[in-house]
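Every number here is computed from the coordinates shown, using simple stated rules; none is lab data. What you are looking at is a predicted structure, and each value in this text was computed from that prediction instead of being measured. Ideal geometry is used to build each Cβ from the backbone, glycine not excepted, and the neighbour counts take in all protein chains shown.
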Amino acid sequence: MSGKQIPSIDALIENSRTLGYVMDRSLATAIYLLVQLGKPLLIEGHAGVGKTEAAKVLASLLGTELIRLQCYEGLDVNSAVYEWNYQKQLLAIKIHERTNQTVPELEAHIFGRDFLLQRPLLKSVTSEDASPVLLVDEIDRADEAFEAFLLEVLGEFQISIPELGTIKAKRTPYVILTSNGARELSDALKRRCLYHWIDYPSFEKEMAIVHARLPGIGQGLGAQVVRFLHSLRKLNLSKIPGVAETLDLSAALALLEKTSLDKETVDQTIGCVIKSADDMAKVREEGFEKLLAS
């Protein structure tokens, strides 16, 4: 698949697999509609189940740039849209101090595009060669004020800069938003988007993911890893391991040249999947042997 075309849902499923990403038909349908309809896609789901990777795969399949906006508490316009390069502006002012430029002439110079630092949202609407994929990652971490601002941007795909005017997208970006469910998103944002939920995969799908990403791992070892992760997800953990942790553990075992997952090996590599002291204590209390056997 090349260029900007995704001819069908089947082609999307097949070609994403060549990139090591196992996409079920429901997600493939949602992404296909995103591309064809030009509507943003909101993907919600647990941490580590492949939400961010879906955007990376789409950019690869379209042969276009991936622009990522990582959201966090306190995210503001300067970090997400643009800011002026103040140091460069000050230098320009010093250089022009001895010229006969008027104040309006100097202002027009230092507030030109050469002094503008483009952040992800502005960069996504100024792309001229091809429509980029804009990934707004973990939108639930940003506050409601920023969400409202983002809703405005997604509505018109244009950004107003007081010194330059309104900049409208020449190439409308393909937008994917992800959320881990840290807070409820507004109905207005959800109405603007297509929606898809990614759950923890079934045993069969997770096996397919492991072998797509790590084709050299043995069938038996891969099955042991996936069963172990499914057992861990049944515990009351604060940070439930996702598919990302399944792949981390599988890669570690392959690197260590392990052919099976036993109690001793789990003890040595448990840090690949458990990331807090409290969860580690719960897992050890449950017992590695019991978890491996279930």
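Overview of results
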quantity	calculated
Rotationally averaged projected area of the stretch 158-230 (alpha carbon convex hull; nm²)	9.1 nm²
Hull shadow area, averaged, the stretch 26-77 [alpha-carbon convex hull, nm²]	4.7 nm²
Principal-axis tilt of helix 243-255 within the chain, Cα atoms, nearest 10 degrees	60 degrees
Descending semi-axes in whole angstrom, ellipsoid equivalent of the stretch 203-293, from the Cα gyration tensor	20, 14, 12
HN-Hα J in Hz across the stretch 129-146 - Karplus 6.51, -1.76, 1.60, θ = phi - 60°, x for Gly and Pro	7, 7, 5, x, 9, 9, 9, 9, 8, 6, 4, 5, 7, 6, 7, 5, 5, 5
Packing-based exposure ordering (other Cβ within 10 Å, fewest first) of VAL266, VAL225	VAL266, VAL225
Rounded to the nearest 20 debye, dipole of the chain from Cβ charges on Lys, Arg, Asp, Glu	520 debye
Equivalent ellipsoid dimensions for the chain as semi-axes, Å, which come from the Cα gyration tensor, largest first	44, 22, 18
Residue list for the stretch 32-62, given a label point 7 angstrom along the Cα-to-Cβ vector of ASP199 and an amide N cut-off under 13 Å	45-46
Proximal aspartates and glutamates to LYS168, defined as alpha-carbon separation beneath 13 angstrom and excluding residues fewer than eight positions away on the same chain	GLU128, GLU152, GLU156
Size of electric dipole in the stretch 96-207: Cβ of Lys, Arg +1 and of Asp, Glu -1, about Cα centre, debye, nearest 20	320 debye
Dipole in debye (nearest 20) - the stretch 203-293, about Cα centre, beta carbon charges: Lys, Arg +1; Asp, Glu -1	240 debye
With Cα atoms, 0 to 90° folded angle of helix 86-95 axis to the chain main axis	30 degrees
Ascending count of other beta-carbon atoms within 10 Å, so fewest first, for THR172, THR126	THR172, THR126
Percent of alpha-carbon pairs separated by more than 25 Å within the stretch 1-107	45 percent
Those lysines that a straight Cα-Cα span of less than 19 Å connects to LYS190, excepting residues fewer than 8 apart in one chain	LYS39, LYS51
Sequence-distant lysines (8 or more away, or on other chains) whose Cα lies within less than 17 Å of LYS290	LYS234, LYS263, LYS282
Cα-based equivalent ellipsoid, the stretch 96-189: semi-axes from gyration tensor eigenvalues, Å	34, 16, 11
Folded to 0 to 90 degrees: helix 277-286 orientation relative to the chain principal axis, Cα	20 degrees
HN-Hα J in Hz across the stretch 116-128 - Karplus 6.51, -1.76, 1.60, θ = phi - 60°, x for Gly and Pro	9, 9, 7, 9, x, 5, 5, 4, 5, 9, 9, 5, 10
Dipole of the chain [Lys/Arg +1, Asp/Glu -1 at C-beta], most positive-end residue of ILE161, ALA254, ASN236	ALA254
Calculated SAXS-style log₁₀ I(q)/I(0) at q = 0.16 Å⁻¹ - the stretch 86-131, Debye, Cα scatterers	-0.55
